[in-house]
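I have placed the structure first, in the form of structure tokens, so that the comments after it can refer back to it.
What follows is calculated from the coordinates using simple rules that are stated; it is not laboratory data. The structure presented is a predicted model; accordingly, all values stated were derived computationally and were not measured. Cβ atoms come from the backbone with ideal geometry, glycine included; neighbour counts cover every protein chain shown.
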Amino acid sequence: DQQVKQNSPSLSVQEGRISILNCDYTNSMFDYFLWYKKYPAEGPTFLISISSIKDKNEDGRFTVFLNKSAKHLSLHIVPSQPGDSAVYFCAASFERNEKLTFGTGTRLTIIP
Amino acid sequence: EAGVAQSPRYKIIEKRQSVAFWCNPISGHATLYWYQQILGQGPKLLIQFQNNGVVDDSQLPKDRFSAERLKGVDSTLKIQPAKLEDSAVYLCASSLLREEAFFGQGTRLTVV
């Protein structure tokens, strides 16, 4: 039972444009959501998070939007840079610092 | 600040053999996690420790997998005996209470 889904395995975006990565979840008890970025041969690196009491969180070029009614979150990267090319994982937990349930990842490629 | 250290980076074993992975978390991080990431999937939690106590091991195949965290610092994960389907990257992560998890580079296990 895949409780966190990333339906796009890959995404290509021109450098300087906006990258939008999507994530859907099925368990309404999830309370905290995170995005991790992963380069080859490295572990995932925390990028940005959002609590269920908010609908938006911004950190520099990265913004996460949460739509609780649709059980959907998205990560916006503006402007996209070549160094953003990586696999992005969406994750959810019932509380902060509790176990994470990950999606299957989206491979983002930024085209120079 | 030193990150989460894992060893070995790579391991190839034959099925039915035993293997052990080691993790040294970030200093002061009370929470330690072991995740299994099978190719094409997101990481899945195997076990979570709070200091040296187990918080969640519901997804740990206890007939073959074991983990310990002596003195609430380093941790080892053991598989005995290994099966072909155990081929995966084993990720260790640590965190402060109610903070995001930091991941190590992982150990890539291939069972042949």
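So here's what we get for this one:
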{"item": "Peptide B:12-18, shielding by other chains (average Cβ, 10 Å cutoff)", "result": "0"}
{"item": "C-alpha center-to-center spacing [the stretch A:1-76, the stretch B:1-42] in angstrom", "result": "25 Å"}
{"item": "Whole-Hz ³J(HN,Hα) from phi, Karplus 6.51 cos²θ - 1.76 cosθ + 1.60, for the stretch B:2-15, glycine and proline x", "result": "5, x, 6, 9, 10, 8, x, 7, 9, 8, 10, 9, 8, 4"}
{"item": "Placed amide H near A:Gly43: partners under 5 Å, 5+ positions off or other chain", "result": "B:Gln105"}
{"item": "Long-range amide H partners of A:Ile48 with built H, under 5 Å", "result": "A:Trp35"}
{"item": "Chain A, relative contact order [Cα under 8 Å, separation at least 6], %", "result": "37 percent"}
{"item": "Segments A:65-78, B:58-71 sorted - mean Cβ within 10 Å per residue, highest first", "result": "A:65-78, B:58-71"}
{"item": "Estimated inter-spin distance, A:Glu58 and A:Gln3, nm [label 7 Å along Cα→Cβ]", "result": "3.2 nm"}
{"item": "Approximate spin-label separation A:Glu95-B:Glu85, in nm, with each point projected 7 Å along Cα-to-Cβ", "result": "3.2 nm"}
{"item": "Relative contact order of chain B, defined on C-alpha pairs under 8 angstrom at six or more residues apart (%)", "result": "37 percent"}
{"item": "Segment B:Val55-B:Glu68, extension gain: residue separation times 0.36 nm, minus the distance between their alpha carbons", "result": "3.5 nm"}
{"item": "Shielding by partners - mean other protein chain Cβ count within 10 Å, residues of B:40-48", "result": "6"}
